[in-house]
Amino acid sequence: MSDVKYKRIVLKLSGEALAGDKGFGINPPVIKKIAEEIKEVYKLGIQVAIVVGGGNMWRGVAGAKMGMERTQADYVGMLATIMNGLSLQDNLESIDVPTRVQTSIEMRQIAEPYIRRKAVRHLQKNRVVIFAGGTGNPYFSTDTTAALRAAEVHADAILMAKNGVDGIYSADPNEDPNAVKYDELTQMDIINKNLNVMDTTASSLSMDNNIPLVVFNLNENGNIKKVVQGEKIGTTVRGK
């Protein structure tokens, strides 16, 4: 543990990361690779909590634009995150990583309800905790969930794993060849520059609780491990 920078992390995985190049659904080889990357971090003795999105299956905002009532659309999105969480749990346990899924919407047959003290105890017992179901409330993103859970369990940092993007840029690097990559920012910079990394609620929560954020490329082997060991990759966002 002496050679790591962060001893308790919240890893934020987008739903799209589980889809890989397919863009939709769960890609078995991709989720297996992600599980193996998480295991490498787990073996270091890091306490790992994970917040997983649902964009590979459903987006509440998109559903609302199609005419669905926004609250209902968001609840469908929360269910998508639970499916992703259970799939990730299965892949982790298949490689001998003990996990617990906690959901903000109660589904006692398949997962524990979210209880902060219980989540912390699982982490202390070296179990990977997967937070699914978002915050349990409509209009809040899984980015906000990551910031909220990180504050609640006193995580040292939020690690935001991006699908093919190696940090935060001034514009979309896939569309603007002149986009500039930032090595370090503050949460206020993200808000003021409208960088669209996290929603403003998530940024404000992280700033208020002084939780650093590291944005990095998930697709490069070993990057999660490199971040927790303090290597300078991606973009680091200071809490204040």
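A short reminder: the numbers here are calculations on the coordinates, not readings from a lab. The structure presented is a predicted model; accordingly, all values stated were derived computationally and were not measured. Positions of Cβ are generated from backbone atoms using ideal geometry, with glycine treated the same way; all protein chains shown enter the neighbour counts.
Structural remarks
- Relative contact order for region 26-156, counting Cα pairs under 8 Å that sit 6 or more residues apart, in percent: 29 percent
- Stokes-Einstein D (µm²/s) once Rh is taken as the Kirkwood radius of the chain over alpha-carbon pairs, at 4 °C in 1.567 mPa s: 73 µm²/s
- Dipole of region 187-240 [Lys/Arg +1, Asp/Glu -1 at C-beta], most positive-end residue of Asn194, Leu213, Asn223: Asn223
- Take the Cα of Asp189, step 7 Å toward its Cβ, do the same at Lys240, and the gap between the two points is 1.8 nm.
- Around the Cα centre of region 8-238, unit charges on the Cβ atoms of Lys, Arg, Asp and Glu (plus for the first two, minus for the last two) sum to a dipole of about 760 debye.
- Estimated FRET transfer efficiency (Ala171, Ala62; beta-carbon r; R0 22 Å; 0.05): 0.45
- Mean-square fluctuations from a GNM of the chain, with a 10 angstrom spring cutoff on Cα atoms, peak among Ser87, Ser141, Ser203 at Ser87.
- When you filter the GluC sites (Glu not before Pro) in region 64-118 for DSSP loop state and at most 16 other Cβ atoms inside 10 Å of their Cβ, you are left with Glu69, Glu106.
- By the count of other C-beta atoms within 10 Å, a proxy for reagent exposure, Leu88, Leu123 are ordered fewest to most as Leu123, Leu88.
- Calculated FRET efficiency, Lys118 to Lys181, Cβ-Cβ distance, R0 = 41 Å: about 0.55 to the nearest 0.05.
- Simple spin-label estimate for Lys232 and Asn209 gives 2.9 nm between the two label positions (7 Å along the Cα-to-Cβ direction from each Cα).
- Mean Kyte hydropathy of -1.0 or more with a Cα span along the axis of at least 27 Å, helices from DSSP in the chain: 70-93
- Structure remark: mean-square fluctuation, Gaussian network model of the chain, C-alpha springs under 10 Å; the largest value among Asp143, Asp172, Asp74 belongs to Asp172.
- Spacing of the two label points (7 Å from each Cα toward its C-beta) at Asp3 and Thr200, in nm: 4.4 nm
- Relative contact order of the chain, defined on C-alpha pairs under 8 angstrom at six or more residues apart (%): 22 percent
- Most fluctuating residue given options Asn126, Asn192, Asn221, as computed from a GNM of the chain linking Cα atoms under 10 Å: Asn192
- Farthest toward the positive end of the dipole of the chain, out of Leu185, Ser204, Ser104, is the Cα of Ser104, where the dipole comes from beta carbon charges about the Cα centre.
- Other residues whose C-beta falls under 12 angstrom from the C-beta of Val10 contribute a net charge of 0, scoring Lys and Arg +1 and Asp and Glu -1.
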